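Asker: Questions regarding the structure given below will be posed in turn.
The values are calculated or read from the model by the stated rules, or taken from the named source; none is laboratory data. Bear in mind that the values here come from a model prediction, so they are computed numbers and not experimental data. Cβ atoms come from the backbone with ideal geometry, glycine included; neighbour counts cover every protein chain shown. Quick note on the areas: whole protein, heavy atoms, side chains included, nothing else; ligands and nucleic acids left out. Shrake-Rupley method; radii C 1.70, N 1.55, O 1.52, S 1.80 Å.
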Amino acid sequence: AQLAPLYNAGKMAALFNVGTLLQPFKSAAEYKTAQFNQLPANLFSHSDQQQQWESGIVTGYSRTGWGGRISDRMSAINSAGPIPMIISASGSSLFMSGENTSPLTIPSEGGFGINGFGDKPGSFYSPQHEARYKALLELMATDQEMALVRGAGNIAKASVDASVAISNTLNNPGTISEGVFNTAATPALESYFARQMLQIAKVIEGNGTLGLKRQIFFVQLGGFDTHNNHLQEQQDLFAQLGPALKAFQDAMEKIGMANKVTTFTQSDFGRTLLPAAGAGSDHAWGNHHLIIGGAVKGGTTYGTFPTLALGPDSPDDVSEEGRWLPTTSSDQYAATLANWFGVSASDMSYVFPNIGNFNSGNLGFML
């Protein structure tokens, strides 16, 4: 309900029936005649489908995610920035991993700094703290002729530099974003998901001192594996999701970044239309997603909504239980966002190796 005003104001769109695909299928009947090598690996498996959504690789395991590969190709645009292009407020994820670039993970709440050294270089508690900090830097710079030690030292040094750069941003309680995420007025904003969104809002608000031109963020809300009590569990999760997304968009409006920040959802798969035991639902396939922001061509829907019919004669049900054959691939969805973000046409196949199997890599929901 909290997001309906954004949709009505043209700042949110819905994309129907998206899923992992190796190639397009015209109907459920065509899918049922497909060969093994024409399908995504291990359909209906949580871990596999999460990896495929995050990696953009549907044929098997990948070491990198599509967010990380964007960073590989575009990180030079942030050459003057002290922190990585990709930041997570929900731990590490495959989505963030690149071949040549590394992400930064920040806590879901509170500050981010170097324990025992003061707030930052030049603002130490004592000369002893400053001496300790200098000794740490010297240790990280030793044995640079050894590749493994050099790699470990460089990663540690980058982490220290990033924590120094971003600590003041996260430790600042007087930000506009903090005021928008008013837990006294909206208790739902006390949720773990809302705290993640607040941290990201604060980083974006503080970007004037960080000097980055492009950033990608990752947050996460789990619990949608509703095998039991589906309606109540989904309602409880939406009660966390809606207020947090609305507050985040309000914060972007207030700091003047609404047209430059786009929020989008990903999820491994939808749930069966046919109920399961215990008033639950089972693993399905195609699902629906939200795209929010001032650069979104909102107030409308994209993609093709499935025919809500079960059984062998359904054009969209691949299992007779209400597992919808996706009519839009996760690659097309992600490529549309990547195009808006600035990924060049020549780099698109590196980020999304499978995109050439589909007619369009731009679904038209971004300005």
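Asker: What does the accessible area of I291 come to, in Å² to the nearest 10, when a probe of 1.4 Å is used?
Answerer: 0 Å²
Asker: Where a ≥ b ≥ c are the square roots of the eigenvalues of the C-alpha gyration tensor, would you call the chain rounded, which needs a/c under 1.5, or, failing that, prolate if a/b is larger than b/c, or oblate?
Answerer: prolate
Asker: Then there's this: Can you order the peptides 309-317, 130-138, 212-220 by their average number of other Cβ atoms within 10 Å per residue, highest first? Please list the in-between numbers first.
Answerer: Values: 309-317: 15.9, 130-138: 13.7, 212-220: 19.0.
Output ranking for 309-317, 130-138, 212-220: 212-220, 309-317, 130-138.
Asker: Relative to the longest principal Cα axis of the chain, at what angle does helix 46-55 sit, 0 to 90 degrees, rounded to 10?
Answerer: It is inclined by approximately 60 degrees.
Asker: Right, here's the next one. What's the FRET efficiency of E178 with K260 using the Cβ-Cβ distance as r and R₀ = 22 Å, to the nearest 0.05?
Answerer: Result of the calculation: an efficiency of 0.60.
Asker: If I compute solvent accessible area with a 1.4 Å probe over the protein chains, what percent of it on segment 321-367 is carbon and sulfur?
Answerer: It is 47 percent, rounded to a whole number.
Asker: With a 1.4 Å probe and every protein chain kept in, tell me what percent of the accessible surface of segment 124-267 is carbon plus sulfur.
Answerer: Ligands and nucleic acids excluded, carbon and sulfur reach 55 percent.
Asker: A further question follows. May I ask for the angle, rounded to the nearest 10°, between helix 230-254 and the longest principal axis of the chain, with both axes built from Cα atoms and the value confined to 0 to 90°?
Answerer: So the helix axis and the longest Cα principal axis differ by about 50 degrees.
Asker: Report the gain in length on full extension from L137 to T186: 0.36 nm times residue separation, minus Cα-Cα distance, nm rounded to one decimal.
Answerer: Result for the pair: 13.3 nm of gain on full extension.
Asker: Right, here's the next one. Apply 1/(1 + (r/R0)^6) to the Cβ-Cβ distance of N359 and T307, taking R0 = 30 Å, and write down the FRET efficiency to the nearest 0.05.
Answerer: The pair N359/T307 has a calculated efficiency of 0.90.
Asker: In the structure shown, do any of K213/K297; K157/K254; K157/K213 have a Cα-Cα gap over 25 Å, and if so which? The partial results should precede the final answer.
Answerer: Values: K213/K297 23 Å; K157/K254 35 Å; K157/K213 22 Å.
The answer is K157/K254.
Asker: Leaving ligands, DNA and RNA out of it, work out the accessible area of D236 with a 1.4 Å probe and give it in Å² to the nearest 10.
Answerer: That residue has around 80 Å² of solvent-accessible surface.
Asker: Measure off 7 Å from each Cα along the Cα-to-Cβ vector at H227 and I155, then give the distance between these two points in nanometres to one decimal.
Answerer: Here the answer is 3.4 nm between the modelled labels.
Asker: Which value, in debye to the nearest 20, gives the size of the charge dipole of the chain about its Cα centre, when Lys and Arg are +1 and Asp and Glu are -1 at the Cβ?
Answerer: 920 debye
Asker: Could you do me a favour and compute the accessible area per residue for the chain, 1.4 Å probe, result in Å²?
Answerer: Accessible surface, normalised per residue, equals 46 Å².
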